[in-house]
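Structure first, commentary second.
The values are calculated or read from the model by the stated rules, or taken from the named source; none is laboratory data. Not measured: the values here are computed from a predicted model. In this analysis, Cβ positions are derived from the backbone assuming ideal geometry, glycine residues included, and neighbour counts consider all displayed protein chains.
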Amino acid sequence: MKKKTRATVLLIHGGCGSTPPTAAQLKTIETALDRGERLLQRGASALDAVEAAVVVLEKSGRFNAGKGSKRQMDGVLRMDASVMNGRDLSAGAVAAMEGILTPIRAARLVMERTPHLLLVGKSAEGLARLFRLPHLSPSLAAPSPPSEELSFGKWEALFRKLQGAKKNEKGKRGTVGAVARDTEGNVAAGTSTGGIRLMLPGRVGDSPLIGAGTYADNRSGAVSMTGLGEAIIRAGLAKEIALTMEGGVEAEEAGRGALIRMRRRIGGEAGAIILSADGGFALLHTTDYMPGGYRAGRRRKVGGQFQRVMED
Ligand code: ASP
């Protein structure tokens, strides 16, 4: 008997913030959608499509992930990423990893080649090197300015600088993420980031945390978040949205409710790409902009704004 083929869906975000995307960023999103959609049409898994799309964005240097990652306040570029497969709830992640061009692939290695879920720092980088993942160029991998030992005085200066900064303000490059459904109806999600604009060395946000920045389950759907990690983690947003969909609520309503609840109780701006197991989807943001795009049969779009979530 021939297996029933499901319509494929792919959604991408390139971070959320207050500035519109550049034409080059939108073009890169288009390329990432092309890459992922082609794979899905050839029968590849949702996980392969998510990884391939995110790799395009990481390698472009036009987003705050992989090559384009922001530096932490000691001048070091540390990256976070995670992936999750909705078919069996397997997941993998890396955090505070240096020197690797494609952190999403490192996250997948953790998932498929180790018994663990999250590796951090030098160990994550070691695993990625063992499996010959491409490195960042030496000029990007080197700290700028050269990192020194953190003295108490320096720490206080960093901390004061951070307190004086507008935490939510975003630079032009955003975190990236993708969610997909394949022809077998499996869903997957992935997120990759260099963090937020001003952050203490060693800070880790929501993107590598399953249930916060990323979640996928064939019974509910797939979610990738962007926005202020400190708020998203406390709200457990990706899992909350997935659970709400499992209860029969549609993607848009599930996301809207979760984003508004987070804003009211915790504060913090965010955006989400949400795909329900039945193929319904939504791209939502509380910020002015969230570059992104989707491919779902004849429905397709690339742009800087999707559905803006505001309080009633
Ligand atoms: N969520 C990311 C973090 O907090 C940043 C972002 O999405 O803009 O690390």
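Identify, by number, the condition in (1) out of contact with any Lys or Arg (no Cβ under 8 Å at 6 or more places or on another chain); (2) of a type in the set (A, V, I, L, M, F, W, C); (3) buried (at least 16 other Cβ atoms within 10 Å of the Cβ) that Leu228 doesn't meet.
(1)
Those residues that are within 12 Å of the ligand (Cβ to nearest atom), farther than 19 Å from Glu246 by Cα and of a type outside the set (A, V, I, L, M, F, W, C), I need them from segment 179-224; list them, please.
Answer for segment 179-224, where residues must be within 12 Å of the ligand (Cβ to nearest atom), farther than 19 Å from Glu246 by Cα and of a type outside the set (A, V, I, L, M, F, W, C): Thr191, Ser192, Thr193, Gly194, Gly195, Arg197, Arg203, Gly205, Asp206, Ser207, Pro208.
Return only the number of the condition from (1) more than 24 Å from Arg42 (Cβ to Cβ); (2) not in a strand (DSSP E or B) that Gly185 does not satisfy.
Here Gly185 clears every test but (1).
Among the helices (runs of 4 or more DSSP H) lying completely within segment 198-293, list those that include at least 3 residues that are at pLDDT 95 or above, among the small types (Gly, Ala, Ser) and more than 30 Å from Phe152 (Cα to Cα).
On the way: elements: 229-235, 237-246, 251-265.
Where helices (runs of 4 or more DSSP H) fall fully within segment 198-293 and carry at least 3 residues being at pLDDT 95 or above, among the small types (Gly, Ala, Ser) and more than 30 Å from Phe152 (Cα to Cα), they are 251-265.
May I ask you to list pairs of residues, at least six apart or on different chains, whose Cβ atoms are under 9 Å apart, with the first in segment 106-124 being under 15 Å from Thr214 (Cα atoms) and touching a residue at least 40 places away in the same chain (Cβ under 8 Å) and the second being among the charged types (D, E, K, R) and surrounded by 14 or more Cβ atoms within 10 Å (Cβ to Cβ)?
The qualifying pairs are Ala107/Glu51; Ala107/Asp80; Arg108/Glu51.
Only residues that are within 16 Å of the ligand (Cβ to nearest atom) and either among the small types (Gly, Ala, Ser) or under 16 Å from Asp182 (Cβ atoms) (or both): list them for segment 1-36, please.
Narrowing segment 1-36 to residues within 16 Å of the ligand (Cβ to nearest atom): 11-21, 25, 29.
Residues satisfying the conditions are Leu11, Ile12, Gly14, Gly15, Gly17, Ser18.
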